[in-house]
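Remarks on the structure that follows.
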Amino acid sequence: MKGRKLLMIPGPIEFDPDVLQALGTATTSHVDPNFIEVFGKSLELMREVWKSPKGQPFIVAGTGTLAMDMAAANLIEQGDSVLVISTGYFGKRFRDIADCYGAKTTFLEAPLGEVVSLEAIENELKTKQYKALTITHVDTSTGIMVDPKPIAKLAQKYNTLSILDGVCSVAGEEINQDEWGLDVVVTGSQKAIGVPPGLALLVASQKAMEVWGNRKTPVFNYYADWKNWLPIMRAYEERKPSYFGTPPVNLIVALETSLKIICKEGVSERLKRHQNLARAFRAGITSLHLETIPKSNNIAANTLTAAYYPKGIDGSALLTKMSNNDVIIAGGLLPELKTSYFRIGHMGSVSSSDLITVLGALESALFELGHPIESGNGLRAFQNTVIFKET
Ligand code: PMP
């Protein structure tokens, strides 16, 4: 692979060459008319990808965690009750963030490999007036996908704001922000949105903006305060110069390029591609006698797969062998299980040939380490399951 390895971790991912090229263009002033157009267009395209024509998009230098932090800093006040629905490591992160702003946090944690039932969520919402609930759409530590739609409906029923951590899902899993009534949907650039790390991206509903506007206390975070960013986002959309903090010009040029690629493919086509490849990849993984963390396929993410190492196989040796075969995959992230599983990202511009490469490398690495598989099984299962696009 010409001195380059295939990056198949769950973010950062392999980026489209046009996106990388955009990143390398000469940096302009952040108030250059061309850049104002790029920024304004990116905000408009975010509404399309989030399916939130009425939402307020924000593009800020930072990571996915900043996007989560922004949602919490602006919507949560000291003493507010917040319900955190967790399916792994990133649910805990939302609890920590909510705690940081003085919330009274209730933590509903799913058993490993499962999701929290709607019944448990509703029972909890009945106990007191929650200001907000948080959902991790895809928890990247477990590869579990939660269906946000019915949870957002429950949140509306109980007059609770719904905040979706879409860091590992936006542009890779179905999201219909306005129709489903999600109040804030956050992501980071390095995942399915397909832009190198460095952008915190979020879209807030009108209701979320009203709740923020009616706060009783100031926002206890200077950088994250929407008061500083809202005029900037509005100015760029009106194609006017403005300044609060210098925007990462090149990353935003790359963002516009990627959003255009996403919209050209079509959001629903893109989701179908993710679903098709993920299903076939899971078939490949299962045929290698590997067990995935999600206990059933209907809660398995389409953006990554998390699977246990087979018994007796040294995980770090497997990762090294994969890397020697020019494929980079990720180890575990859940502290209690870190050394017993691995994760493979399949989002963004991922193709069937990428996944065939991964399965080929995985088969040979497992075989060399003594896992009893017949080589070719994973590839066969993948190819028998995947729907190849007709040209
Ligand atoms: N939430 C989820 C679901 C994630 O996957 C990640 C990153 N892996 C984050 C939040 C945090 O994003 P970042 O690392 O960009 O701060």
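If you go through region 91-101 one residue at a time, do you hit one that is surrounded by fewer than 19 Cβ atoms within 10 Å (Cβ to Cβ) and not in a helix (DSSP H, G or I)?
For region 91-101, residues surrounded by fewer than 19 Cβ atoms within 10 Å (Cβ to Cβ) and not in a helix (DSSP H, G or I): absent.
In the list N325, N276, which residue meets the criterion of being open to solvent by 20 Å² or more (accessible area, probe 1.4 Å) and at pLDDT below 95?
N325
Being over 19 Å from S52 (Cβ atoms) and aromatic (F, W, Y) is the filter here, so list the residues in region 188-238 that pass it.
Hits for region 188-238 are F220, Y222, Y223.
Condition first: among the polar types (S, T, N, Q) and either more than 12 Å from M347 (Cβ to Cβ) or touching a strand residue (DSSP E or B) at 6+ places or on another chain (Cβ under 8 Å) (or both). Now tell me which residues in region 154-198 satisfy that.
Result: Q156, N159, T160, S162, S169, N176, Q177, T187, S189.
Identify, from the list G3, G79, G11, G40, the residue that is in contact with a Gly (Cβ under 9 Å, 6 or more places away or on another chain) and over 21 Å from T303 (Cβ atoms).
G79
Only helices (runs of 4 or more DSSP H) wholly contained in region 108-206 count here; list those with 1 or more residues that are crowded, with 17+ Cβ neighbours inside 10 Å and of a type in the set (F, W, Y).
177-180
Only one of these conditions is not met by L366: (1) open to solvent by 10 Å² or more (accessible area, probe 1.4 Å); (2) in contact (Cβ under 8 Å) with a residue 60 or more places away in the chain. Which number is it?
(1)
Given the options S81, S86, S117, name the one that is more than 30 Å from A254 (Cα to Cα) and within 16 Å of the ligand (Cβ to nearest atom).
Exactly one residue qualifies, and that residue is S86.
Would you say T105 is assigned to a strand (DSSP E or B), away from the ligand (no atom under 16 Å from the Cβ) and at pLDDT 95 or above? Lay out the reasoning, then the answer.
Details: assigned to a strand (DSSP E or B): yes; away from the ligand (no atom under 16 Å from the Cβ): yes; at pLDDT 95 or above: yes.
Yes.
Filter region 229-268 down to the residues that are more than 21 Å from V203 (Cβ to Cβ) and part of a helix (DSSP H, G or I), then identify the one that is least open to solvent (accessible area, probe 1.4 Å).
Top of the filtered list is V249.
The values are calculated or read from the model by the stated rules, or taken from the named source; none is laboratory data. Being a predicted model, the structure only gives us computed values, none of them experimental. No Cβ is skipped: glycine too gets one built from the backbone with ideal geometry, and neighbour counts run over all protein chains shown. Remember, those area values only see protein heavy atoms, side chains included, never the ligands or the DNA or RNA. Shrake-Rupley method; radii C 1.70, N 1.55, O 1.52, S 1.80 Å.
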